[in-house]
Amino acid sequence: MQLRYWAGEAVLVDTHQLKLFTSLCRHLHFGNAGVENHMSPSAVSRSIQRLEEIVGHKLFIRDNRSVSLTAEGEIFHRYATDVLDRTDLLNRELGEHDGELTGRLTLFSSVTASQSILPNVLSRFRQEYSGIHIQLETGYAVNALKKLYEGCDVVVAALSPEEDAQLIKRIITAIPILTVAPVDAPEMDGMLAGNIDWSRVPLILPSVGQARENIDIWFTRQGIRPNIYAEVAGNEAILSLVALGCGVGFVPQLVIRESPLASKVRIVPSGPPLADFDVGFCTRRSSLAGSPIIRAFWDSIE
């Protein structure tokens, strides 16, 4: 418990509650926040209610379908983040004084990267820095940079080729984008034979992101109006619909290789030539310069 000042008044703060609060801010879902903190959704709700009583303000708007921050919750989020950052800084400085680096590292990773790229890096890092607590969140790659600007230390996902002076990247690999069709869909075999008429082929497309931009550019240049069956978020969802026979999709090779649905889809060699995905790690330059923990993690990436 720590005595801190918020909105001009003294508030008795439990750092565990603050970590739970910031976790709920990231997920906006009591169940997901509970999984991250090894708590039931009802226990998360009770803890947040106690925090609201301490603060004296309602921090979240809850209903049966959604969770969102109130205006006071937004203000308190900045306060909570500042307290946790200061606590981490204190732990790092005390740890460095003792000769051991300690504290917290927050990571966001796409699902595929968390299965294929991250384990080796985290294994090396944990062996060398056992005193650092790793907090990992997974989700869609298109959300990676948003998570970074929301306060996450490092993200690993497919990264945009656009440069940003505030960010620093370390690209690990380039992954081809492949055209995939269902294995058991005889009605599509004729469409995909010979010179393909792409205006007739039902397509499963990503709703947003770099891949969608590249696909749209290719169809525009070819003067083709695509026959879009569905637009979904996430490569795994695209593979699922393709495997069900709903249409043809465009998915990174690594996703196909790691997916349990790999045997239910086939590669279409004559698919559109789309630019490769650059997959790697990204962090803010200011964070890398100011945090010994992030520097240590960055140095462990091969």
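The values are calculated or read from the model by the stated rules, or taken from the named source; none is laboratory data. Please read these numbers as outputs of a predicted model, since none were measured by experiment. Neighbour counts are summed over all protein chains in view; Cβ atoms, including those assigned to glycine, are modelled from backbone coordinates with ideal geometry.
Provide a single number: the residues in the range 181-206 that are more than 24 Å from the chain's Cα centre (by Cα) and assigned to a strand (DSSP E or B). Show your work before the answer.
Step one: filter the range 181-206 for residues more than 24 Å from the chain's Cα centre (by Cα), giving 181-203.
Now drop any that are not assigned to a strand (DSSP E or B), which leaves 181-182, 202-203.
Summing the residues that are more than 24 Å from the chain's Cα centre (by Cα) and assigned to a strand (DSSP E or B) in the range 181-206 gives 4.
Quick check on residue 259: is it closer than 17 Å to residue 177 by Cβ and of a type in the set (Ser, Thr, Tyr)? In short, yes.
Looking only at residues that are in a loop (DSSP other than H, G, I, E, B) and in contact with a helix residue (DSSP H, G or I) (Cβ under 8 Å, 6 or more places away or on another chain) in the range 235-257, which one is surrounded by the most Cβ atoms within 10 Å (Cβ to Cβ)? Don't jump to the end; show me each part of the working.
Of all residues in the range 235-257, those in a loop (DSSP other than H, G, I, E, B) come to 244-247.
The next check asks that each one be in contact with a helix residue (DSSP H, G or I) (Cβ under 8 Å, 6 or more places away or on another chain); those that pass are 245, 247.
Numbers: 245: 16, 247: 22.
Restricting to residues being in a loop (DSSP other than H, G, I, E, B) and in contact with a helix residue (DSSP H, G or I) (Cβ under 8 Å, 6 or more places away or on another chain), the top hit is 247.
For the range 34-54, the criterion of being touching a residue at least 12 places away in the same chain (Cβ under 8 Å), closer than 30 Å to residue 175 by Cβ and not basic (Lys, Arg) is satisfied by at least one residue. Exactly one residue out of 180, 208, 155, 142 is over 19 Å from residue 249 (Cβ atoms) and among the hydrophobic types (A, V, I, L, M, F, W, C): that is 155.
For the range 212-232, taking the residues that are surrounded by fewer than 16 Cβ atoms within 10 Å (Cβ to Cβ) and part of a loop (DSSP other than H, G, I, E, B), the one that is farthest from the chain's Cα centre (by Cα) is identified as 223. Does residue 278 fit the bill of being within 30 Å of residue 129 (Cβ to Cβ) and without any contact (Cβ under 8 Å) to a residue 12 or more places away in the chain? No. In the condition set (1) surrounded by 16 or more Cβ atoms within 10 Å (Cβ to Cβ); (2) within 25 Å of residue 194 (Cα to Cα), residue 209 is compliant with all but (2).
Just to be sure before I move on: is residue 270 touching a Leu at 6+ places or on another chain (Cβ under 9 Å), in contact (Cβ under 8 Å) with a residue 12 or more places away in the chain, surrounded by fewer than 14 Cβ atoms within 10 Å (Cβ to Cβ) and among the polar types (S, T, N, Q) in the structure I sent? Here the answer is yes, as residue 270 does meet what is asked.
Identify, please: which residue in the range 126-139 is buried (at least 19 other Cβ atoms within 10 Å of the Cβ) and either among the small types (Gly, Ala, Ser) or not in a strand (DSSP E or B) (or both) and is, among those, modelled with the highest pLDDT? Please lay out each step first, then the result.
To start, the set of residues in the range 126-139 that are buried (at least 19 other Cβ atoms within 10 Å of the Cβ) comprises 129, 132, 139.
Among the residues that remain, those that are also either among the small types (Gly, Ala, Ser) or not in a strand (DSSP E or B) (or both) are: 129, 139.
Working: 129: 87, 139: 81.
Result: 129.
Just to be sure I understand, how many residues within the range 50-61 are closer than 18 Å to residue 26 by Cα and surrounded by fewer than 13 Cβ atoms within 10 Å (Cβ to Cβ)? Walk me through it before giving the result.
Going through the range 50-61, the residues closer than 18 Å to residue 26 by Cα turn out to be 51-52, 58-61.
Checking the rest, the ones that are also surrounded by fewer than 13 Cβ atoms within 10 Å (Cβ to Cβ) come to 61.
Of the residues in that region, 1 qualify.
Out of the residues in the range 62-103 that are basic (Lys, Arg) and modelled with pLDDT under 85, state the one that is surrounded by the fewest Cβ atoms within 10 Å (Cβ to Cβ). Don't jump to the end; show me each part of the working.
The initial filter retains those residues of the range 62-103 that are basic (Lys, Arg), namely 62, 65, 78, 86, 92.
Now drop any that are not modelled with pLDDT under 85, which leaves 65, 86, 92.
Working: 65: 5, 86: 12, 92: 19.
Looking at the filtered set, the residue picked out is 65.
Among the criteria (1) part of a helix (DSSP H, G or I); (2) without any contact (Cβ under 8 Å) to a residue 60 or more places away in the chain; (3) out of contact with any Pro (no Cβ under 8 Å at 6 or more places or on another chain); (4) not aliphatic (A, V, I, L, M), the one residue 260 does not fulfil is (1).
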